[in-house]
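What follows is a set of notes on a single structure, which appears directly below.
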Amino acid sequence: MTRRHLLALLAATPLAAPACVRAADEPTAAQPELPREQLVIVTHDGVKHPFSVEMAMTPEQQRTGLMFRTTIPDGTGMFFDWGAPRLQTMWMENCPVGEDMLFIGEDGTIRHIAERTVPQSTAFISSVVPVRATLEVAAGTAEKLDIRVGDKVLQRIFGNAPT
C-alpha cells in the first residue's frame with residue numbers, strides 16, 4: 001500500500017469521539033420528583049426514624065438517581081429497588097451534594113453503609129455484599145441518627161411495611 005493510499009484510508013476512517021462527549025441517553029438534568037413512599041429505619045436501640053423517599057424503580061430512574069439535585073432535605077431520600085439481591089455499584093458523578101448510601105439486604109437488614117460520599121466523584125461505591133435495595137440520604141444522616149449495619153428498614157418490598 002502506498003503512502004497516498006494509507007492517507008486516503010485514514011482520512012475516510014471516522015475518528016473515535018472524545019471521552020468527554022456524553023452518550024445520547026446519559027442524564028443531563030435532574031429528573032422530576034418521583035412517587036414517594038414511607039420507610040422507617042429501626043436502629044439497634046429500638047428508635048424508629050421515618051423517611052419519605054422517592055422510589056426509583058425503573059432502570060432509567062435508577063440511572064439518573066439524585067444526579068443534579070442540589071439538596072437532600074432531612075427525612076427524605078431516594079430508594080432503589082433492584083428487584084432481587086445482587087452486588088450493587090453506585091457512583092456520585094453529577095451529584096453536587098454528598099450522600100450516605102445504605103445497602104439493604106432482602107430481609108430489610110442494612111448490610112453496608114457508605115458514609116459521606118464525595119460529590120461529583122466517579123469512584124465506584126460497592127455494596128460489598130448482594131443487596132435487594134439501596135437508600136440514598138443526606139451525607140451525615142447515618143452518623144446523626146446512629147444508623148448501623150444490622151439495623152432494620154421497614155418498607156413494603158421487604159414485606160414489613162411501616163404502620
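Mind ranking 36-48, 89-101 by how tightly packed they are, going by the mean number of other C-beta atoms within 10 angstrom, highest first? Walk me through the numbers before you get to the answer.
On the way: 36-48: 14.8, 89-101: 18.8.
Most protected by this proxy first, the peptides run 89-101, 36-48.
Working out 0.36 nm times the residue gap between Glu37 and Val97, then minus their Cα-Cα distance, what length gain in nm do you get to one decimal?
19.4 nm
Estimate the FRET efficiency between Glu60 and Thr122 by the formula 1/(1 + (r/R0)^6), using the beta-carbon distance for r and 22 Å for R0, to the nearest 0.05.
Once the sixth-power term is evaluated, E becomes 0.65.
If I model a spin label as a point 7 Å beyond the Cα along the Cα-Cβ vector, how far apart are those points for Val47 and Thr163 in nm?
Those two pseudo-labels are separated by 2.3 nm.
Give me the net charge of Ser127's neighbourhood, meaning all other residues with Cβ under 11 Å from the Cβ of Ser127; Lys, Arg count +1, Asp, Glu -1.
Neighbourhood net charge equals +3.
Read the figures in this text as sums done on the coordinates, not as results from a lab. These numbers were taken from a predicted model, which means no experiment stands behind them. Cβ atoms come from the backbone with ideal geometry, glycine included; neighbour counts cover every protein chain shown.
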